[in-house]
Structures are given as C-alpha cells and as structure tokens.
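The values are calculated or read from the model by the stated rules, or taken from the named source; none is laboratory data. What you see is a predicted model; the values in this text were computed from it and never measured. Using ideal geometry, Cβ is built from the backbone for each residue, glycine included, and neighbour counts are taken over all protein chains shown. The area values use the complete protein model at the heavy-atom level, side chains included, leaving out ligands, DNA and RNA. Shrake-Rupley method; radii C 1.70, N 1.55, O 1.52, S 1.80 Å.
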Amino acid sequence: MPRHITLGMMVLALLLVGGAVYFMNLQRQVQRLAGLPPEAQAPALMEEPAFEATAPRKKVILFFASAEVDGQLEAEEGEIYASEEVSLEAKQILVALIKGSLSGHLPALPSETRLREVYWAEGGLLVVDITGDATLRHPGGITGEVSSIYSVVNSLTYNLPEVSEVQILIDGAEADTLAGHIDLRRPLPQDLSMTALQYEDGESGE
C-alpha cells in the first residue's frame with residue numbers, strides 16, 4: 001500500500017479515536033455533576049412536560065429582570081403542575097422562564113434558548129442543561145448576565161425547597177460564563193439581594 005495512503009489512514013484513525021475520547025469525557029462530566037447512571041443517553045431537546053388536565057396545580061414565583069429598574073428582579077406569579085419529582089417541577093419552571101414574562105418584564109433568557117435536560121443530584125444540587133443560544137443570543141453586559149443567571153437560580157431555589165444550588169451547563173458541558181462575566185463552573189446558591197422579597201422574608205422572620 002502506498003505510503004501516503006497508509007499515513008492518511010493513520011491520521012483518520014487518530015481523529016476518530018480523539019473524537020470518541022472527547023465524547024466520552026463530556027458524557028462523564030455531565031454524569032459526575034448529576035449522578036447519572038453510565039448507561040444514560042444523551043438528552044434530547046424538550047418542551048414542558050405533559051400532564052393530565054386533572055393533575056393538581058401549584059403556584060410558583062418566577063423572577064424576571066425589571067424593565068424599569070436596572071439590575072432588579074421582579075417577582076411574577078405563575079402556575080405549574082405539581083409533581084413529587086423535583087426535576088419535573090423544575091422543567092416546568094424553566095420552560096416558563098424561557099417563554100417569558102406575562103407582565104411586561106424583560107426576558108430571563110433569549111427566546112431561542114431551549115431546555116436540553118434537568119438533572120436532580122444529591123445534596124440539593126440541580127443541574128440545568130440549556131442550549132448555546134442562551135449565550136449566542138444574549139444581549140450581554142454584566143447586569144443583564146447577572147439578571148439572567150439569577151432569574152434561573154432564584155426561580156428554582158425559591159419554589160423548590162429541596163434545591164439549594166443550581167449548576168448551569170451549556171450544550172451539555174461546563175461553561176466559563178454565560179456572557180463573559182459570571183463564573184458558571186461552580187454551583188450557584190440563591191441570592192435574593194436584587195429582589196424585593198429579601199425585605200419581605202426579613203420582616204416575616206422577625
């Protein structure tokens with residue numbers, strides 16, 4: 001066999017092996033964060049989970065960026081189907097955030113964003129996997145980025161007492177940031193400092 005063909009086949013084989021190793025490492029990374037079994041399949045894009053019309057409903061508080069006060073998150077009441085599974089309620093909350101405010105507040109995430117999957121892990125950690133449109137279509141700016149991230153984190157932790165921290169993945173992988181400023185490589189806890197609810201909660205606890 002000619003030498004150049006042999007070299008070409010060797011290069012192709014190396015590329016195939018490298019691609020396989022990269023995919024396996026990526027899959028292990030998600031499994032590590034979410035505690036998934038090794039046989040779990042890659043997530044598909046999803047919409048809001050389907051429920052029977054007679055299923056019980058549950059009021060939730062969704063957080064959106066204020067259209068009037070820069071850097072403030074506004075609380076908006078919403079409704080989801082109640083479920084004993086944390087991930088099912090979380091998916092509904094995230095889909096509602098992506099759909100946007102019904103009261104004129106700014107979007108939590110770009111409308112092109114899609115939810116890939118939600119993983120409920122041990123120790124109060126919820127892992128949220130969204131598409132890269134959340135980054136590519138984001139308008140940018142540190143204030144807008146903080147608002148987007150804590151719209152997600154606060155909406156999940158405020159309504160789901162089992163959730164204490166949220167890890168955001170982009171297209172199935174850890175991302176450095178959403179729009180260049182806030183570190184997404186670690187789980188994020190609730191932060192109500194940009195909402196009016198911090199004062200209400202503080203007063204009720206006196």
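Are any of the residues in region 135-151 at pLDDT 95 or above, open to solvent by less than 10 Å² (accessible area, probe 1.4 Å) and over 11 Å from the mean Cα position of the chain (by Cα)? No: zero hits. For region 152-187, how many residues meet the condition of being closer than 23 Å to Ile142 by Cβ and open to solvent by less than 20 Å² (accessible area, probe 1.4 Å)? Summing the residues that are closer than 23 Å to Ile142 by Cβ and open to solvent by less than 20 Å² (accessible area, probe 1.4 Å) in region 152-187 gives 13.
When each of Glu77, Glu47, Glu52, Glu68 is tested for being at pLDDT below 95, of a type outside the set (Phe, Trp, Tyr), closer than 18 Å to Ser148 by Cα and exposed (fewer than 12 other Cβ atoms within 10 Å of the Cβ), the lone residue that passes is Glu68. Among the residues of region 80-91, those identified as crowded, with 21+ Cβ neighbours inside 10 Å and in contact (Cβ under 8 Å) with a residue 24 or more places away in the chain are Glu89, Ala90, Lys91.
The single condition among (1) among the acidic types (Asp, Glu); (2) surrounded by fewer than 19 Cβ atoms within 10 Å (Cβ to Cβ); (3) out of contact with any helix residue (DSSP H, G or I) (no Cβ under 8 Å at 6 or more places or on another chain) that Glu117 does not satisfy is (2). From Leu102, Leu192, Leu156, grab the single residue that is assigned to a helix (DSSP H, G or I), of a type outside the set (Gly, Ala, Ser), closer than 24 Å to Lys58 by Cα and touching a residue at least 24 places away in the same chain (Cβ under 8 Å). Among Leu102, Leu192, Leu156, only Leu156 is assigned to a helix (DSSP H, G or I), of a type outside the set (Gly, Ala, Ser), closer than 24 Å to Lys58 by Cα and touching a residue at least 24 places away in the same chain (Cβ under 8 Å).
Answer yes or no: is there a residue in region 81-98 that is part of a strand (DSSP E or B), under 23 Å from Leu192 (Cα atoms) and of a type in the set (A, V, I, L, M). The answer is no; no qualifying residue exists.
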